[in-house]
Amino acid sequence: LLFMGLNMISVYVPDLQSNPEMFAFLEHYASMGYASVLLFLFVGMVLTAVIQSSAATFAIVLIMCTKGWISFDLACAVVLGSNIGTTITPLLASLSGNIAAKRTAMGHLLFNLFGLLWTLVVFYPFVRLNVGITEALGQGNPDEMFSFVNNLEATDPQTYNAYVGETLPASHPILAQVAKMQFSVSFGLSMFHTVFNLVNVMIMIWLTGVYVKIVEKIMPAKNKEDGEFQLRFISAGLLSASELNIAQAEKEMVVYAQRVRRMVTILETFAHTDSKTEDYSRLYSRLEKYEDISDRMQLEISNYLRRCSEGRLSNEAKGHVVAMLNIASEIESIADCCYRSAKILVRKSEQSIEFDNIIIENIDSMFSDVKEAIDNMIRLLANIEHVREADIVKSYNKEREINNLRNQLRTGNVKNINNHVYEFQAGNFYMDIINDLEKMGDYIINVTGTIRDSYLRHTV
């Protein structure tokens, strides 16, 4: 649809830059005082949004000034409007993006809108400031073009018509004067645009926090801590140095693991939530969302790493790519276990099965060990290029603790069912959750093993 739209623009929108006469009618609206400023600001905004080029808008404005249709003040108003028009492109591009992309585009729009507001308040003094700067730099007075052309039209219509019709001989002295003033206007408009953005930055840099709050208010995330699917360190475009790309992928893997760690915490909260409350449905929806994000992150990271492997890599770097692919798969499996456990809890609720305090305490114990194991895994990933053997050993010890606890709970479950401490179906659901938590421990230790095999031996 995007390319179809661009094609329609190229086919049906006339070449405005090559046909400036289309804007000649605007000359009739150039003497309405401040209303003209607002009108030409709007023209600049629409023009830039349509032709998707502020440079082309600048060229059209320069032609309009050269022909004496508008004054330098109104030319500045068009340039000011083009700053707003340029925000259309990122806004359109962000429509299919995540919340971060949309917020960035909105921040861009607000930055230019707030800059527009303060400039309109002091518009004429600000224009005079830029005229003064242009003159001080020895580039002439950009205001002279408008008065010169209009004076020529009033005093020598024949020469004016020849000038506008571009039939004056190349050696005619008026053309030399116009060229000099044209450069002055061009320089003045460039100076206006530059000074506007510099002053805008100097003002707005202190209001960054305010911008963040406004944008988050306009575009709130469903859950603040969730955000949306977003890769922080890698992008679709690859750098020329593939080895650096692998380092970025390693950073992204830490973010991925941290997101899945939050999923484990949500699952633990979900296990303690009354199924008849709104929080229960909300937490389950979040787990579904996290699982979907996990799948997409694993796919994006894997595709990125495969593209990295197509570049020129050392044997060690190739080994790291394979290791990262395995790690991404294992982390995604942890997320799958979380979601599977959530569905077990939902089935338990649908069958009106309740866990007694013994089951709840045992599940909490398993959660505690699994969270500690995944925290160890994240620490290893965060320091993957300088892995310590002591941290590897700690992870393996925690895995043994998880396996031993699972075995103890399995034996205890059989005894409790036989002794009618709780009903058989409750015991089944209970063991399903314990087994999923233990599998998380297996996937975690698989990550540790991959780090040990691929990185530990390279550590000095």
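The values are calculated or read from the model by the stated rules, or taken from the named source; none is laboratory data. Only a predicted model underlies this, so the values are computations on that prediction, with no experimental measurement involved. Here Cβ is always computed from backbone atoms with ideal geometry, including for glycine, and neighbour counts include all displayed protein chains.
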task: Name the single residue, out of those in segment 334-383 being polar (S, T, N, Q) and under 20 Å from Ser454 (Cα atoms), that is surrounded by the most Cβ atoms within 10 Å (Cβ to Cβ).
output: Asn376
Residue that is surrounded by the most Cβ atoms within 10 Å (Cβ to Cβ), among those in segment 132-150 that are within 24 Å of Ser31 (Cβ to Cβ) and of a type in the set (A, V, I, L, M): Met145
task: Scan segment 383-393 residue by residue and report those that are out of contact with any helix residue (DSSP H, G or I) (no Cβ under 6 Å at 6 or more places or on another chain) and closer than 26 Å to Ile434 by Cβ.
output: Val393
query: Looking at Asp375, is it under 30 Å from Lys415 (Cβ atoms), acidic (Asp, Glu), assigned to a helix (DSSP H, G or I) and in contact (Cβ under 8 Å) with a residue 60 or more places away in the chain?
result: no
query: When you scan segment 310-350, how many residues do you find that are more than 30 Å from Phe367 (Cβ to Cβ) and either polar (S, T, N, Q) or not assigned by TED's automatic domain parsing to the domain that holds Asn428 (or both)?
result: 2
Flag for Val447 being over 34 Å from the mean Cα position of the chain (by Cα), over 30 Å from Tyr280 (Cβ atoms) and not small (Gly, Ala, Ser): no
task: Would you point out which residue out of Ala335, Ala390, Ala382 is without any contact (Cβ under 8 Å) to a residue 12 or more places away in the chain, under 30 Å from Asn245 (Cα atoms) and not acidic (Asp, Glu)?
output: Ala390
